[in-house]
Structure formats: C-alpha cells, structure tokens
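The next block holds one structure in the form of structure tokens; read it before the comments.
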Amino acid sequence: MKTADYFSSPPADYNLIVPDGWFQISLDPDERDQSILALADLQFRGIDNAPHLKKELMRDLQKRAQSAYGIGGTEMYLSLLTVGPVPLASSLLISVPAADEWPVCSDANELAEHLAVRNAGAETELGVTQLEAAGTAVRLRRRDAPDPENQMGNTLPTTTLTYYVPIPATKRWLMLNFSTPVDPLADQMVRLFDTVAGTLHWT
C-alpha cells in the first residue's frame, strides 16, 4: 500500500474498505435510479402492503443522491446494519469539492484553523490527525439538532464526522462525510467511522 508521501504526481484513484451491510448508491445520473430501486426492493423485501413508504424512501434517496452529486459527490453508502431490532442508521458521502468552492488552504493545519472559525459556537471536536496510508487529515465531529423534514422524520440529534484529506500532489481535497442519527450510540458509531477512514489509501 502506497503512502501519501510516495506520490510526486496526483494519484489515479483512492480506495477504502467499508463494512459488510453498507449499500453503495451510484451518484452517476445514468445509474442512480437503478441502484435506488435495488436498495428499496431490498429494504421492503417480503413487505407488500407499504407501497407509499417505499415510494417515500425512493424520493428521499433521489433527493439525497442528486444533492450529493451536485457538490462533487463520487460515492454514497447507506448502512443496512442492525443490532437485533435496532437499525444502525448511518451514511457515508465521499466527495471532491470543486476548487472554486473551497477555501485556499496550503495544508491541514491551515484548514483546521479555517474550520474552527466557521464552526465557532457549535458542538464540535476538531483536530489534525494522521491516517496510516492517506496522510495528514483534518477531523471534524459535529452534533446538530434534528431536521425531521430532511431526515425522514428523525427527531434525534445527528452526529457527523468529516475527514478532509489533501489529495497528494494537488491542491484538491477529498472529503469523507459520515453521519448517523442514532444518538444513543453516537460514540460507538464514530469509532466505526474512524476505522473506515483509517483504511483510505491512494492508488
């Protein structure tokens, strides 16, 4: 596995490992509908009396996928994991923001300072960390009030964990944006997110 220091020219791609039970939704407009339908069919397998709920889920996923694609999203994953009857709802959006939509920051420490100002007063945990293969990154954890209208009725606070990782030999950044509305298990979910982020590497 090549570390970030290996690259004197931009890497061709990135890879990371996600848990079994995380479903990938394609953000490509040509493939989006098919993957959303596949997820909805999986979620409602054996349930024939909830067509309204199925359509509502698909509309919500369409909205999220379109929004993610519009901000440079490359991949989106949704967790289908459960512990007994309790769903471990979470998501991961991987994106590469456009250069003109991103603050000019020379390194992770400068970006961390910028984010500290932007998130002043919010319930956050912010710092610079080292990913084993992907290199230095900014790690930001937030806890936000629920937004039932945009979260399919969720009434619990949402915890997000975002990694901002500089792409070697470029001025671009890769963002890993994890989110979970399972507030009672937020710390455990964040540990899982940290583990997934730790597998990021360049190819």
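The values are calculated or read from the model by the stated rules, or taken from the named source; none is laboratory data. A quick note: this is a predicted structure, and the numbers were derived from the prediction, not measured. Here the Cβ is made from the backbone with ideal geometry for all residues, glycine too, and neighbour counts use every protein chain on show. SASA here: full protein model, heavy atoms, side chains in, ligands and nucleic acids out. Shrake-Rupley method; radii C 1.70, N 1.55, O 1.52, S 1.80 Å.
Considering only the stretch 46-104, state which residues are closer than 22 Å to L185 by Cβ, in a loop (DSSP other than H, G, I, E, B) and either of a type in the set (A, V, I, L, M, F, W, C) or modelled with pLDDT of 90 or more (or both).
Matches in the stretch 46-104: L80, L81, L88, A89, S90.
Can you list residue pairs whose Cβ atoms sit under 9 Å apart, with the first residue in the stretch 50-73 being farther than 16 Å from D28 by Cα and the second being among the aromatic types (F, W, Y)? Count only pairs 6 or more apart in sequence or on different chains.
What qualifies is A50/F44; P51/F44; L53/F44; K54/F44; L57/F44.
Among the numbered conditions (1) open to solvent by 60 Å² or more (accessible area, probe 1.4 Å); (2) within 17 Å of the chain's Cα centre (by Cα), tell me where Q130 comes up short.
(2)
Out of the residues in the stretch 99-108 that are among the hydrophobic types (A, V, I, L, M, F, W, C) and open to solvent by 40 Å² or more (accessible area, probe 1.4 Å), state the one that is farthest from L126 (Cα to Cα). Even if it seems obvious, please write down each step before you answer.
Keep residues of the stretch 99-108 that are among the hydrophobic types (A, V, I, L, M, F, W, C), which gives 99, 102, 104-105, 108.
Still in the list and also open to solvent by 40 Å² or more (accessible area, probe 1.4 Å): 99, 102, 104.
Values: A99: 23, W102: 18, V104: 19 Å.
It comes out as A99.
Counting only residues that are surrounded by fewer than 17 Cβ atoms within 10 Å (Cβ to Cβ) and of a type in the set (K, R), which one in the stretch 53-69 is nearest to the chain's Cα centre (by Cα)?
For the stretch 53-69, the residue satisfying everything is K63.
Identify the residue in the stretch 142-176 that is open to solvent by 50 Å² or more (accessible area, probe 1.4 Å) and within 17 Å of D194 (Cα to Cα) and, among all such residues, is modelled with the lowest pLDDT.
Per the criteria, the residue is R143.
Please go through the stretch 177-188 and pick out each residue that is of a type outside the set (F, W, Y) and either assigned to a strand (DSSP E or B) or open to solvent by 10 Å² or more (accessible area, probe 1.4 Å) (or both). Lay out the reasoning, then the answer.
Filtering the stretch 177-188 down to residues of a type outside the set (F, W, Y) leaves 177, 179-188.
Selection gives N177, S179, T180, P181, V182, D183, P184, L185, D187, Q188.
Would you be able to say whether some residue in the stretch 110-124 is in contact with a strand residue (DSSP E or B) (Cβ under 8 Å, 6 or more places away or on another chain), in contact (Cβ under 8 Å) with a residue 40 or more places away in the chain, in a strand (DSSP E or B) and open to solvent by less than 70 Å² (accessible area, probe 1.4 Å)?
The answer is no, given that none of the residues of the stretch 110-124 is in contact with a strand residue (DSSP E or B) (Cβ under 8 Å, 6 or more places away or on another chain), in contact (Cβ under 8 Å) with a residue 40 or more places away in the chain, in a strand (DSSP E or B) and open to solvent by less than 70 Å² (accessible area, probe 1.4 Å).
Filter the stretch 27-52 for residues that are open to solvent by 90 Å² or more (accessible area, probe 1.4 Å) and over 24 Å from S95 (Cβ atoms); which is nearest to the chain's Cα centre (by Cα)? Talk me through it step by step, then tell me what you get.
First pass over the stretch 27-52, keeping only residues open to solvent by 90 Å² or more (accessible area, probe 1.4 Å): 30-31, 33-34, 43, 45, 48-49, 52.
Now narrow it down to the ones that are over 24 Å from S95 (Cβ atoms): 43, 45, 48-49, 52.
Values: Q43: 21, R45: 26, D48: 31, N49: 32, H52: 27 Å.
Filtering first and then ranking leaves Q43.
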